[in-house]
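Notes follow the structure.
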Amino acid sequence: MKHLITGLLMIFAHTAIAADKSGNFAIWGAGQKSCYNYSNARKSEDDSYYRYYLMGYLTAYNTQTPETYRISGNKNLSDILTWLDNYCESKQVVGFDHALGDFTAEHYPGRYKSSSAAGRR
């Protein structure tokens, strides 16, 4: 629990640096869509828009978050999409950006902190 709280504090503290004084920031691309839209795209197998957004989001997260080589830890793209499928199925009105924020918060404690950690899986 201590690690989760520490991780959340780091995420929120880091996010505040990139947002305006009120904590707001512009959301681009698929992040503006809802989980409902994501789920429909996945069901129709027309989800490349979301996949590319996801990969960019995770790359940016890895780049901008201290001591984070890979936020997804041992999860591959298929695992992450399955996590998002389950999340978005139960929270269809939530924004896709919010889903990704929840993914990173949940997986922060298990992230790879270095490339050497990723090589040991």
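The values are calculated or read from the model by the stated rules, or taken from the named source; none is laboratory data. From a predicted model like this one, the values you see are computed outputs, not experimental measurements. When we count neighbours, we look across all protein chains shown, and the Cβ atoms used for this are built from the backbone with ideal geometry, even at glycine.
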Legend entry - Cβ pairs under 7 Å, 6+ apart, first in region 36-48 and within 17 Å of residue 99 (Cα to Cα), second among the aromatic types (Phe, Trp, Tyr): 38/50; 38/96; 41/49; 41/50
Legend entry - Within region 92-121, considering residues that are among the β-branched types (Val, Ile, Thr) and surrounded by 16 or more Cβ atoms within 10 Å (Cβ to Cβ), the one nearest to residue 24 (Cα to Cα): 94
Legend entry - Unique match (being farther than 25 Å from residue 19 by Cα, surrounded by fewer than 14 Cβ atoms within 10 Å (Cβ to Cβ), at pLDDT 95 or above and of a type in the set (A, V, I, L, M)) among 77, 81: 77
Legend entry - Of all residues in region 49-85 being of a type in the set (Val, Ile, Thr) and part of a helix (DSSP H, G or I), the one that is farthest from residue 113 (Cα to Cα): 82
Legend entry - residue 89 without any contact (Cβ under 8 Å) to a residue 24 or more places away in the chain and either in a helix (DSSP H, G or I) or surrounded by fewer than 16 Cβ atoms within 10 Å (Cβ to Cβ) (or both): no
Inset, instruction - Could you tell me whether any residue of region 6-28 is within 14 Å of the chain's Cα centre (by Cα), part of a helix (DSSP H, G or I), modelled with pLDDT of 90 or more and surrounded by 13 or more Cβ atoms within 10 Å (Cβ to Cβ)? - result: no
